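Just so it is clear, none of the values below were taken in a lab; they were calculated from the coordinates. This one's a predicted model, so the numbers in the text were calculated from it and none came from an experiment. Glycine also receives a Cβ, built like all others from the backbone with ideal geometry; neighbour counts cover every protein chain displayed.
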Amino acid sequence: MDSRLYSPQFKDARYSVYNLIAIDEHGHGGTTGSRRDFTFGDTASDSLQLLTILGLDRFYVLGTSQGGHIAFHMALLEPQRIKGLILLGTSAYAETEQGKIDLSKRRDKWCETKIPSEEALLIKAASFGGPTRVGERVYEKVKQMWIERYAGPEGYDPALNCLLNHDDFDDRLGDIKVPALVLHGSDDQYYSTKDAKNWSSKLPNLWKFEIVEQGVHYLSFTEPGAEVCAKRIPEFIKQTL
């Protein structure tokens, strides 16, 4: 995930009482590493090391989509440091074979041209409901961000390969004992609400599972998800701090 997708939270005064840190995962945002075979576990380990360097012993971890996979890894690697998990529009399951086929088709459409076509960009923008959800000005900024980072196979494939081969956490959810808040959009086109309800019920210390009506995949980036996040996250932190 690109940390800029959390820009609404950095601008929202309701989060001003928290020390917010947004981290680009490998293959996204401003990362410059030369490795092409990284995993979500690598990003989790590196994030924990970064937080150590910053002098932070304990913290909450929020992950959206594939960021949720990273959050699971962090909670398993160093549970004593995690105050709680905030999981938005994510899954604890490995990609299904059909999911891998669909992701590969989107990749082929994206890489048909040197600069992704408008059709390919709109397909990717389904993650946040497209320009009608965020407005043309924000959509144009996101498009430019995506083109600069992911244009061509060299930009797209490393992040895709990481997603295609990520771990299945289903049999390890019982080992994640930190408090967890799970929010999932009813209109999420990537992960189903049924699956989200199933895997979240296996978390031993689930604080709340909530389906956000009309919420899309990137909940915190769009409404009504961003508003629900701004209400539920402070409640969760207050009760689990």
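Summarising the label geometry, the points placed 7 Å from Cα in the beta-carbon direction at residue 80 and residue 193 lie 4.1 nm from one another.
Ranked by how many other Cβ atoms sit within 10 Å of their own Cβ, fewest first, the residues 74, 1 fall in the order 1, 74.
Would you mind ranking 4, 36, 107 so that the residue whose beta carbon has the fewest other beta carbons within 10 Å leads the list?
36, 4, 107
Going through the cross-link list 109/208; 177/238; 124/177; 105/194; 11/202, which pairs have a Cα-Cα distance over 29 Å in this structure? As for pairs spanning more than 29 Å Cα to Cα, those are 109/208; 124/177; 11/202. Arranged from fewest to most other beta-carbon atoms within 10 Å of their beta carbon, 208, 11 become 11, 208.
With contacts defined as alpha carbon pairs under 8 Å and 6 or more residues apart, what's the relative contact order of the stretch 85-241 in percent? Intermediate values should be presented prior to the final figure.
On the way: 211 pairs, mean separation 47.9, N = 157.
So the answer I get is 31 percent.
I need the shape label for the stretch 162-241. Rule: rounded when a/c is under 1.5, else prolate if a/b > b/c, else oblate, with a, b, c from the alpha carbon gyration tensor. Oblate. Counting only DSSP H runs of at least 4 residues, each contributing -39500 (n - 2.57), and dividing by the residue count of the chain, the helix-based mean residue ellipticity at 222 nm comes to -13500 deg cm²/dmol. Relative to the first principal axis of the alpha-carbon coordinates of the chain, what is the inclination of helix 136-150, with its axis defined by its Cα atoms, in degrees from 0 to 90 and to the nearest 10? Result, in degrees: 80. Taking 0.36 nm per residue of separation and subtracting the Cα-Cα distance, full extension of the segment from residue 175 to residue 208 would add 10.1 nm.
Using the average count of surrounding beta-carbon atoms within 10 Å as a protection proxy, the listed peptides 88-99, 212-223, 194-205 rank, highest first, as 212-223, 88-99, 194-205.
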